[in-house]
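The values are calculated or read from the model by the stated rules, or taken from the named source; none is laboratory data. This structure is a prediction, so every number in the text was calculated from the model and none was measured. Here the Cβ positions follow ideal geometry from the backbone for every residue, glycine too, while neighbour counts run over all protein chains shown.
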């Protein structure tokens, strides 16, 4: 029962290291159950057995026992040293990347991840990696602290401005694995979500060569009907706005811009197209293709009143085709 | 004869009092007021997390609310609660003294605390603060909220903590009653002594750190901001160099309370007096050299991680000594189930889970996955709330007759205890599972798969709130109209019980003389106090 309570729902094991991690975690859970029962069980039994209202209740005069004290100093010390050594051992495996690891550069910024590959490709929030090959990330931040966390891989590493940190993993399970930002980084901290997309050899080859690949399911799951329908791979032709919606999701726009009018760090995009907006300096403009393009490529140029100039530039991160699709999508948000 | 409550009258006589008992109670009511405020913020946090996405507030507001909750509970509630509130009242009486060594400094400490708390709270009425109570750089440098005020407030409150620690250390050295040798010192005082050492030595580091951060915000001096040559990780080292020992400022006095309550209600000497006393110092010592375990994924070197993980393991040894000794004290006792003892049981249950999950976090590999997730949130709430607040409740009930000369009612006390214990486990146990599943902390929004456990946790928070509100109601009533309390309702041996309830202004009618250690509980009771001078 305790195993179910504690780790029946541990995240998927996306790497071998995750398996080693789970073994150590299980050991600690069982050890804790033992000591919990020892202490709290002892407390409950003594409280029942020696309660004051029992017949002939009388306390015995005992002030201590050096033998018992020696035992409960020595036994935990030995156990703790074992736990330490085991933990350090797994930690070393988790942190020492093999020399032949495939390297990807990672830049964190409020509130998205940018991934730069050696073949020159750049992606936002989606990290494409090959399966069964060590991948090493060399990470830094453009603004504040972030932390790169993939629960399925049991790895986490802070991403620090002004220095490089690294993390590595070797995915053994295909599909999408969630990336969380685990170090508080401001307003949209909880919206800074990406995914590691672990690809089988053939797909990886295609992706590396710059080709379109079909939809990838969540790790451990089959493709859902919706994913198939929206992929375009099944033969269905997407509208331009539908393609824009995919760009909107892939570039992390949703971390700051809602499409339903709710409040986020950036202005909502619901119904903005074709309407006038007021800027912090009192100026006004009509939201059209050119204003939106400017806002994506040079976000600080004209900032809507009531908002902070915090949006990073997407110049070079969005292709002309993607930009056109994105604008069509924004226009469709009534 | 006048007691300390009727010695002089009027608000002014309280505000200018040099009496440690009144100062202790002023701290107590201040702390409880902030506890109410911090508790309301906690309920708002849980309410927002009732479902994914927006429930009652936007992300920016949520970030402020969890910052207020953390900063208030740490700096204005748990750090001062037991040492400054209960400690002020009880320490001189346990020593058999008339007051602390420096009564005027004691009052000054209280007003410094108030000044700091007001400065920090003023941020609430301006642009707030959204840095989290940890103020991690460079976010805390860049945020356009009024974080500077919170930093300045915490800086000021630090001096109150330092001066109180100093006052306590000197009082324990110089004001012990004749015969109260070190080997007869009650364990609550050993715990307060160890706490005071941490307060005096660690708090200045926090003061300097916060001051540097204020300067960084105001003058851009380039200490912590990498954009101008600073190092953001350096801030974490400075911050935790204080804030890790501060965890023990919160828990050591709590352990001291439990060490008093368990023998009294078991009618037995404390098991392993010396080991418990030394373990307080063991914990205080190790407290200073384990700060890096907060930073295993910060970019800190592997060597540092190795050393900090190893050292952190040794926190568990003296902690285990205490826990095992408390349980052993109950063995073959004659156990009474009064409210202080119930809260001590609650403390043991919750603190054991808090302590054991601390071992998970000290283990390097395990830490990597669960750090900065709800696992950590659950762990420190089990220690800070399950430990420190349960012990505060134990202490409030235990010394209630001494504070007011009236008894609290046992029946309602059991009800609130049951609500608090159930509510606490319901609120925080699911958070361990959420954390092991990977839900990061400080998340305003979360994935749908985390909904169920978050709902359970939120429901638990309502039980907790009900338990605290109910306790406030019956304690308030008992304070004004409870049964009159005898001088020593628990038949305890420590000196504060060898005088009237409530005590006279000068604590003791005649100076007490100690002839035995305080845990000389023999059954049937031989009044150990027979050899002490009674008023």
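Taking the residues in region A:319-334 that are loosely packed, with under 12 Cβ neighbours inside 10 Å and in a loop (DSSP other than H, G, I, E, B) as candidates, determine which candidate is nearest to the chain's Cα centre (by Cα). My answer is A:319. Here residue A:212 clears all of (1) more than 15 Å from the chain's Cα centre (by Cα); (2) buried (at least 23 other Cβ atoms within 10 Å of the Cβ); (3) more than 7 Å from every other protein chain (Cβ to nearest Cβ) except the condition numbered (2). Is at least one residue of region A:300-318 over 18 Å from residue A:255 (Cα atoms) and in a helix (DSSP H, G or I)? No, there is no match, as no residue in region A:300-318 is over 18 Å from residue A:255 (Cα atoms) and in a helix (DSSP H, G or I).
Here residue B:488 passes the criteria (1) part of a helix (DSSP H, G or I); (2) touching a residue at least 40 places away in the same chain (Cβ under 8 Å); (3) surrounded by fewer than 21 Cβ atoms within 10 Å (Cβ to Cβ) except the one numbered (1).
In region B:128-137, the count of residues that are over 18 Å from the mean Cα position of the chain (by Cα), within 14 Å of another protein chain (Cβ to nearest Cβ) and free of Cβ contacts under 8 Å to residues at least 60 places away in the same chain is zero. One residue alone among B:359, B:368 is in contact with a strand residue (DSSP E or B) (Cβ under 9 Å, 6 or more places away or on another chain), assigned to a helix (DSSP H, G or I), over 30 Å from residue A:54 (Cβ atoms) and facing chain A (nearest Cβ under 9 Å), and that residue is B:368.
The sole residue among B:232, B:269, B:245 that is surrounded by 24 or more Cβ atoms within 10 Å (Cβ to Cβ) and at the interface with chain A (Cβ under 10 Å from one of its Cβ atoms) is B:232. With respect to the conditions (1) away from every other protein chain (no Cβ under 14 Å); (2) under 30 Å from residue B:443 (Cβ atoms), residue A:302 lacks only one, and its number is (2). Checking each residue in region B:306-335 for being over 24 Å from residue B:190 (Cα atoms), assigned to a helix (DSSP H, G or I) and at the interface with chain A (Cβ under 7 Å from one of its Cβ atoms) picks out B:306, B:309, B:310. What about residue B:22, is it out of contact with any helix residue (DSSP H, G or I) (no Cβ under 9 Å at 6 or more places or on another chain) and under 25 Å from residue B:159 (Cα atoms)? Considered against the rule, which asks whether it is out of contact with any helix residue (DSSP H, G or I) (no Cβ under 9 Å at 6 or more places or on another chain) and under 25 Å from residue B:159 (Cα atoms), residue B:22 comes out as no. Do the conditions hold for residue B:435, that is, is it surrounded by 20 or more Cβ atoms within 10 Å (Cβ to Cβ) and touching a residue at least 24 places away in the same chain (Cβ under 8 Å)? Yes, satisfied.
Scanning region B:440-474 for residues that are in contact with a helix residue (DSSP H, G or I) (Cβ under 7 Å, 6 or more places away or on another chain) and within 19 Å of residue B:35 (Cβ to Cβ) gives B:460, B:461, B:463, B:464, B:465, B:466, B:467, B:468, B:470, B:471, B:474. With the structure loaded, tell me whether residue B:300 is more than 19 Å from the chain's Cα centre (by Cα) and surrounded by fewer than 24 Cβ atoms within 10 Å (Cβ to Cβ) or whether it fails that test. Spelling it out, residue B:300 is indeed more than 19 Å from the chain's Cα centre (by Cα) and surrounded by fewer than 24 Cβ atoms within 10 Å (Cβ to Cβ). Checked against the criteria, residue A:263 does not count as in the same structural domain as residue A:177 (by TED's automatic domain parsing), more than 15 Å from residue A:333 (Cα to Cα) and surrounded by fewer than 16 Cβ atoms within 10 Å (Cβ to Cβ).
Looking at B:6, B:67, just one residue is more than 14 Å from every other protein chain (Cβ to nearest Cβ), out of contact with any strand residue (DSSP E or B) (no Cβ under 8 Å at 6 or more places or on another chain) and either in contact (Cβ under 8 Å) with a residue 40 or more places away in the chain or more than 30 Å from residue A:256 (Cα to Cα) (or both), and that residue is B:6.
Summed over region A:156-179, the residues that are within 8 Å of chain B (Cβ to nearest Cβ) and surrounded by 24 or more Cβ atoms within 10 Å (Cβ to Cβ) give a count of 4.
All of A:278, A:297 fail the test of being touching a strand residue (DSSP E or B) at 6+ places or on another chain (Cβ under 6 Å), surrounded by fewer than 17 Cβ atoms within 10 Å (Cβ to Cβ), at negative phi and at pLDDT 85 or above, apart from A:278.
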